[in-house]
Amino acid sequence: MRRIILTTESGADLPEELANKHHVKVVPMHVIMDGKDYLDGSLPVTDIYDYYERTKKIPSTTSTNSHEYYELFTKIKSDYPDCIIIHIGYTSKASSSFQNAIIATEELDDIFLIDALNVTGGLLAIVMYAVTLLENEPTIEPARLVQLIEAKVQKTRFAFVPGSLDFLRAGGRVSNLAYLGGALLKIKPRIELIDGKLVSTKKYRGKIDVVTEKLMQDYLEQYDIDREQLYLIYSIGLDEHVKQRMEGIAREAGFKNIKWIQAGAMISTHAGPGGFGVAGLEV
């Protein structure tokens with residue numbers, strides 16, 4: 001039986017303990033700050049917030065390059081000769097990472113590439129779905145596993161609200177006029193992944209405790225999420241009382257397993273502190 005190895009990017013925000021436990025290999029993306037290139041995960045997210053406070057600018061984020069993918073894949077092939085690699089990648093609609101993975105594998109065999117069309121908690125949900133399938137059926141045919149994962153990509157639902165509009169404005173994702181109106185009215189956009197693209201699908205008014213509750217209610221009404229697992233994503237700065245309330249809503253809705261995930265550099269750079277998101281898979 002040929003061993004199947006799962007890989008993904010740091011933009012999945014897959015906690016290190018889960019990656020180690022389930023033998024998922026993670027390749028870092030990049031954060032550029034003060035003219036320095038940092039591997040995602042090598043610096044605390046709070047450094048990004050400090051940088052914004054000091055400069056009123058956000059760092060830039062860049063994709064994993066093709067050389068880094070090539071190194072990852074060849075290292076895995078060296079460690080596990082004759083293995084098959086299934087890479088579940090960050091949405092190709094928001095990063096060049098997936099294209100770089102394609103370039104890296106042009107001369108390599110037995111590597112399947114899946115565009116998850118998602119980020120952070122959404123990407124994580126797909127990776128963990130793949131982990132569960134593989135652990136439940138270790139002898140599954142690679143092509144069949146890929147087919148099942150790709151089918152679930154279309155049923156992955158991720159939505160989040162930023163803690164404030166400051167970081168979105170600094171990154172050019174909202175105009176000054178829209179920012180001013182949103183700030184005055186305490187409006188926060190609900191952002192979702194639609195066909196792999198980050199899209200504002202709704203606007204909520206109020207403080208973060210009100211906004212997060214509306215987001216959760218709308219999300220659970222709109223999507224028939226599998227009650228086996230739900231991922232709640234937070235960026236540092238989200239109030240503990242809000243977290244407790246969100247978990248309470250999830251439990252009241254019948255979710256059996258609820259996992260909190262801290263947003264890493266990729267999403268925190270754009271959403272800022274105190275953001276909240278929810279991710280799951282439709283049945």
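The values are calculated or read from the model by the stated rules, or taken from the named source; none is laboratory data. Fair warning: this is a prediction, and the values are worked out from it, not measured in the lab. Backbone-built Cβ (ideal geometry, glycine too); neighbour counts: all protein chains shown.
Observations on the structure shown:
- Within region 73-120, considering residues that are assigned to a helix (DSSP H, G or I) and free of Cβ contacts under 8 Å to residues at least 12 places away in the same chain, the one nearest to VAL26 (Cα to Cα): LYS75
- Residues located in region 1-58, provided they are outside the structural domain of ILE140 (by TED's automatic domain parsing), touching a Phe, Trp or Tyr at 6+ places or on another chain (Cβ under 7 Å) and in a helix (DSSP H, G or I): TYR52
- Of all residues in region 95-110 being buried (at least 20 other Cβ atoms within 10 Å of the Cβ) and among the hydrophobic types (A, V, I, L, M, F, W, C), the one that is nearest to the chain's Cα centre (by Cα): PHE98
- Restricting attention to region 235-272, the residues that are in contact with an Asp or Glu (Cβ under 9 Å, 6 or more places away or on another chain) and on the phi < 0 side of the Ramachandran plot total 18.
- Residue count for region 121-143, restricted to those that are free of Cβ contacts under 8 Å to residues at least 12 places away in the same chain and among the acidic types (Asp, Glu): 2
- Residues in region 227-245 that are under 25 Å from LYS155 (Cα atoms) and touching a residue at least 40 places away in the same chain (Cβ under 8 Å): GLN229, LEU230, TYR231, LEU232, ILE233, TYR234, SER235.
- Pick from region 179-196, criterion surrounded by fewer than 14 Cβ atoms within 10 Å (Cβ to Cβ) and modelled with pLDDT of 90 or more, ranking: farthest from GLY254 (Cα to Cα): ASP195
- Residue identified as crowded, with 20+ Cβ neighbours inside 10 Å and not in a strand (DSSP E or B) among VAL211, VAL278: VAL211
- Selection count where residues are touching a residue at least 40 places away in the same chain (Cβ under 8 Å) and part of a strand (DSSP E or B), scope region 61-72: 1
- ASP40 crowded, with 16+ Cβ neighbours inside 10 Å, charged (D, E, K, R), under 25 Å from GLN147 (Cα atoms) and under 20 Å from the mean Cα position of the chain (by Cα): no
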